[in-house]
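**Student:** Shown below is the structure under consideration.
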């Protein structure tokens, strides 16, 4: 009972702040509402007893928003930041695409058997994740690491500009 | 004596269940509220006198007397300062982004208090002994940057914005060696739980086994706290007061409060990870905890008033080209050391 109430509270907070991210015209406010969304999602993880994932969500997503904000402010070329996150005219197309995506995800969720599990929650979630990452999934893990490294080198090259002296 | 607070808490709980006939959920709720209130009053009282301590110590280090007019030896100075700050007008600049500006001063205090949930104040005196306590600490403390950026942005002032930007750049970069230095301790313990880390230091403190990690932790921790010699986000000579330039009265006091609350939390983490936690001979564990935390705080203050501020590019170079490789090397050496140790034992 209590958990249901808390779930709906968190869900409303997540949905509301996610809507604000899209609807607000000031990109800084949008980014700040994105923080609220991420904190809400991490609250959901706590409710699912995935405490490690919740902390990662806070550290990686909510923490990184600060950097996103800095870049948002630095890269905005408009004179007035109040109109930095504008709408365009493709409302109809966007609506169709969103509806399609929503139906697709809804089908996947409802057809999966992950909805209800009778297994007890894990005592510690850290150890199993580490074991999985360093044994069964070590190749995908390393591949993701290399991909990130390549992306980082690429970003530095792009930022420096090719051929220019330092 | 050692179990004074633990027994008092258990006794209170017992009395509420049997004496007042309350259900266990309500009793638990009341106990949580009491714990939060205790931690808050611990933090606030300590901050009050840490400000006094810092002013007095800095004065002695600079051949001055420091506050000595209000009360005996100036002991009431900070108390009256708080009253002054509360009674000040709440000024919000006209051009400021009002909501962000107001929210920032509140948000900065939330992670500062949340950190204390996993601090072991004594034997069996952790509010929540999470199985990933250290990771929780890191995750929560990483969100402090947002408040600084909000303050810098919301003030709509060039000094504030530069201060906020610097705070982000510095805190995000120094977070990496900070976390890596903690990893050495985690590898030795094999657990992220605070009580396990304390228990693992029964024989020898981790400062002996991990001296390099402790140094990295201390330096990166100073940078995370934005204290001198890494106080570039609020460098007075260049930025007036950085992100807090436009704040006054109680809103400014909240930033100040959060800064010192973070200082206590960081010192407590250092004590837990490297100085054996609250354990110690003869005296009760909570006294040892306070003594050790105050030694750490003293060293932090000593650093602040001894070293000059470094330049922003030096700050970044020092982090990325020295601290980060050093912390990675420390992890490697620790791993090899653990393997060799196990090899000889078996």
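**Student:** Remind me, relative contact order of segment A:1-66 in percent, using alpha carbon pairs under 8 angstrom and six or more residues apart?
**Tutor:** Values: 59 pairs, mean separation 20.0, N = 66.
So the answer I get is 30 percent.
**Student:** What whole-number distance in Å separates the alpha-carbon centres of segment B:260-321 and segment B:86-105?
**Tutor:** Here the two parts' Cα centres lie 32 Å apart.
**Student:** While we're on this one: Taking 7 Å along the Cα-to-C-beta vector as the label spot, tell me the residue A:71-residue A:155 distance in nanometres, rounded to one decimal.
**Tutor:** 0.5 nm
**Student:** Using the Kirkwood radius over C-alpha pairs as Rh, can you work out the diffusion coefficient of segment B:73-194 via Stokes-Einstein at 4 °C, viscosity 1.567 mPa s, in µm² per second?
**Tutor:** Numbers: Rh = 17.1 Å.
So the translational diffusion coefficient is about 76 µm²/s.
**Student:** In cubic angstrom, how much convex hull volume per residue do the alpha carbon atoms of segment A:1-82 span?
**Tutor:** For segment A:1-82, the hull spanned by Cα atoms encloses 66 Å³ per residue.
**Student:** Taking springs between alpha-carbon atoms closer than 10 angstrom, which of B:69, B:227, B:193 fluctuates most in the Gaussian network model of chain B?
**Tutor:** In this elastic network of chain B, the residue with the biggest mean-square fluctuation among B:69, B:227, B:193 is B:69.
**Student:** Listing B:41, B:195 from the residue with the fewest other Cβ atoms within 10 Å to the one with the most, what is the order?
**Tutor:** Details: B:41 10, B:195 20.
So the ranking, lowest neighbour count to highest, is B:41, B:195.
**Student:** If the elastic network links every pair of Cα atoms under 10 Å, which of B:17, B:168, B:51 fluctuates the most in the Gaussian network model of chain B?
**Tutor:** Evaluated over chain B, the most mobile residue of the options is B:17.
**Student:** Moving on to the next point. At residue A:8 and residue B:4, where each label point lies 7 Å from the Cα along Cα→Cβ, what is the point-to-point distance in nanometres?
**Tutor:** Between residue A:8 and residue B:4, the simple spin-label model gives 4.8 nm.
**Student:** Same structure, new question: In whole angstrom, note down how far apart the Cα centers of segment A:28-49 and segment B:1-78 are.
**Tutor:** Measuring centre to centre over Cα atoms gives 32 Å.
**Student:** Here is a follow-up. Can you give the mean number of other chain Cβ atoms that lie within 10 Å of the Cβ atoms in peptide B:313-321?
**Tutor:** Working: counts 0, 0, 0, 0, 0, 0, 0, 0, 0.
That average works out to 0.
**Student:** Further question: Binning at 5 angstrom from zero up to the longest distance, how are the C-alpha pair distances of segment B:165-236 distributed in percent?
**Tutor:** For segment B:165-236, the pair-distance distribution reads 3, 17, 22, 19, 14, 11, 9, 4, 1, 0.
**Student:** Within a 10 angstrom radius of the beta carbon, how do A:29, A:90 rank from fewest other beta carbons to most?
**Tutor:** On the way: A:29 20, A:90 10.
Neighbour counts put them in this order, fewest first: A:90, A:29.
**Student:** At residue A:131 and residue B:215, where each label point lies 7 Å from the Cα along Cα→Cβ, what is the point-to-point distance in nanometres?
**Tutor:** Rounded to a tenth, the inter-label distance reads 3.8 nm.
**Student:** Relative to a virtual label point 7 Å from the Cα of residue B:331 in the Cα→beta-carbon direction, which members of segment B:182-211 show backbone nitrogen distances below 16 Å?
**Tutor:** B:182-192
**Student:** Measure out, as a whole number of angstrom, how far apart the alpha-carbon centroids of segment A:123-165 and segment B:220-240 sit.
**Tutor:** About 31 Å separates the Cα centre of segment A:123-165 from the one of segment B:220-240.
**Student:** Calculate log10 I(q)/I(0) of segment A:123-166 for q = 0.15 Å⁻¹, where I(q) comes from the Debye formula with a single equal point scatterer on each Cα and nothing for solvent.
**Tutor:** Ignoring solvent entirely, the Cα scatterers give -0.55.
**Student:** How high is the relative contact order of chain B, in percent, with contacts defined as C-alpha pairs under 8 Å that are six or more residues apart? Walk me through the intermediate numbers first.
**Tutor:** Working: 460 pairs, mean separation 74.1, N = 346.
Relative contact order here is 21 percent.
**Student:** For the protein assembly as shown, what are the per-bin percents of Cα-Cα distances with bins 20 Å wide, up to the bin holding the maximum?
**Tutor:** 18, 54, 26, 2
**Student:** Could you give the length gained on full extension between residue A:110 and residue A:49, defined as 0.36 nm per residue of separation minus the Cα-Cα distance, in nm? Numbers along the way, then the final one.
**Tutor:** Numbers: separation 61, 0.36 × 61 = 21.96 nm, distance 2.19 nm.
Stretched fully, the residue A:110-residue A:49 segment lengthens by 19.8 nm.
**Student:** Give the relative contact order (percent, whole number) for segment B:53-134; include only Cα pairs under 8 Å separated by 6+ residues. The partial results should precede the final answer.
**Tutor:** Numbers: 37 pairs, mean separation 8.8, N = 82.
It comes to 11 percent, rounded to a whole number.
**Student:** Taking N as the number of residues in chain B, what value does Rg over Cα atoms divided by 2.2 N^0.38 Å take?
**Tutor:** Details: Rg = 21.4 Å, N = 346, 2.2 N^0.38 = 20.3 Å.
After normalising by residue count via 2.2 N^0.38 Å, the value is 1.05.
**Student:** Can you give me the orientation-averaged projected area of the convex hull built on the Cα atoms of chain A, in nm²? All intermediate terms of the calculation are to be shown ahead of the outcome.
**Tutor:** Values: hull surface 59.1 nm².
Mean orientational projected area (chain A, Cα hull): 14.8 nm².
**Student:** Would you look at the GNM of chain A, springs on alpha carbons closer than 10 Å, and say which of A:100, A:72, A:43 moves the most?
**Tutor:** A:100
**Student:** Another question, then. Order by neighbour count: A:93, B:27, A:2, fewest other Cβ atoms within 10 Å first, most last. Working shown, then result.
**Tutor:** Working: A:93 10, B:27 17, A:2 7.
The fewest-first ordering by Cβ neighbours comes to A:2, A:93, B:27.
No value in this document is a laboratory result; all are computed from the given coordinates. Predicted model, so just to flag it, every value in this text is computed and none were measured. Virtual Cβ from ideal backbone geometry, glycine too; neighbours counted across all protein chains shown.
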